[in-house]
Amino acid sequence: MIKLLRILGGRALSLFKKMGHMLMFLLNSIYYICVPPFKFRLLLKQIRFFGNKSMIVILLTGSFTGMVMALQIYHTLSKFGSEALLGPAVALSLIRELGPVLSALMVTGRAGSALTAEIGIMRISEQIDALVSMALNPMRYLIVPNIVAAIIVFPLLAAIFDVIGIYGGYVIAVKLLGLSEGTYFSQIDTFVEWKDVRIGLYKSISFGVIVSWISCYKGYFTEETGFGAEGVSRATTDAVVMSSVLILIWDYFLGSVLL
């Protein structure tokens, strides 16, 4: 029994130590965000990396999400004679929940994994050590631009996801199901408030911090998961899984607070 408790206690302490290490990594990154000089050229490069290269995925996912939501919600509302509320049902679901969450998950799979692999390869090939030997701060060059770029890009991608999803729902509701165009958009204007938009904005910003933080951390300390190509592979997998799980968990807690 004592041996079992010792094993469980050791694992718990190891977990808390790792969580503290990750938190210190994030706080250190925030510190360098606030302290000049800031690398604007690297920031613009990472904005393009997170945003422009993720646009096709966001457009496709957003449009088909809106379409399938309109199709399914319509058949549910028709049972209660409330088909006129289809527009706000689609819009509120996208703006408050699905837009920020699904766009963050898509960017995690495309950009977060690539970011972890890139920084991980720099670690195992000793490029990060080379920066240190040249008296250059790796946090300022590798971590800070990614976190700031994610904070900027994630709300924009979520907004595009929402707009495309709403128009995808419009195509199904009006062109396929025969709902009035005026009814669809007028009800959205009636029920959707700025509070709903702000909730989606706050979630997107926090998701941007989570994804960039976890991806950079796993790549920067890729030796914790193994050595060589195997270590980079495991770090990339861990980053995507951990980011996705934290997005869903944080979405629940943030939603329960902001409701």
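The values are calculated or read from the model by the stated rules, or taken from the named source; none is laboratory data. Remember, predicted model here, so these are calculated numbers, not experimental data. Cβ coordinates were reconstructed from backbone atoms using ideal geometry, including for glycine residues, and neighbour counts include every protein chain displayed.
Data for the structure
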quantity	calculated
Qualifying residue in segment 18-29 (condition: among the small types (Gly, Ala, Ser), under 24 Å from PRO100 (Cβ atoms) and either free of Cβ contacts under 8 Å to residues at least 40 places away in the same chain or outside any helix (DSSP H, G or I) (or both))	no
Selection count, segment 30-55, where residues are assigned to a loop (DSSP other than H, G, I, E, B), under 21 Å from the mean Cα position of the chain (by Cα) and not small (Gly, Ala, Ser)	0
One residue from SER204, SER215, SER233 being more than 16 Å from the chain's Cα centre (by Cα), of a type in the set (Ser, Thr, Tyr) and closer than 26 Å to VAL245 by Cβ	SER233
Boolean, VAL245 is modelled with pLDDT of 90 or more, under 15 Å from the mean Cα position of the chain (by Cα), surrounded by fewer than 23 Cβ atoms within 10 Å (Cβ to Cβ) and under 17 Å from ARG110 (Cβ atoms)	no
Residue in segment 225-237 that is under 15 Å from VAL107 (Cβ atoms) and either crowded, with 19+ Cβ neighbours inside 10 Å or at pLDDT below 90 (or both) present	yes
Positions within segment 11-44 being among the aliphatic types (A, V, I, L, M), surrounded by 11 or more Cβ atoms within 10 Å (Cβ to Cβ) and under 15 Å from SER215 (Cα atoms), in sequence order	MET22, LEU23, LEU26
Exclusive hit being of a type in the set (Lys, Arg), out of contact with any strand residue (DSSP E or B) (no Cβ under 9 Å at 6 or more places or on another chain) and without any contact (Cβ under 8 Å) to a residue 24 or more places away in the chain, set LYS195, LYS203	LYS195
Given (1) in a loop (DSSP other than H, G, I, E, B); (2) buried (at least 20 other Cβ atoms within 10 Å of the Cβ), index of the condition ILE58 fails	(1)
Residue selected from segment 125-184 under the condition among the polar types (S, T, N, Q) and in contact with a helix residue (DSSP H, G or I) (Cβ under 6 Å, 6 or more places away or on another chain), by the criterion surrounded by the most Cβ atoms within 10 Å (Cβ to Cβ)	ASN146
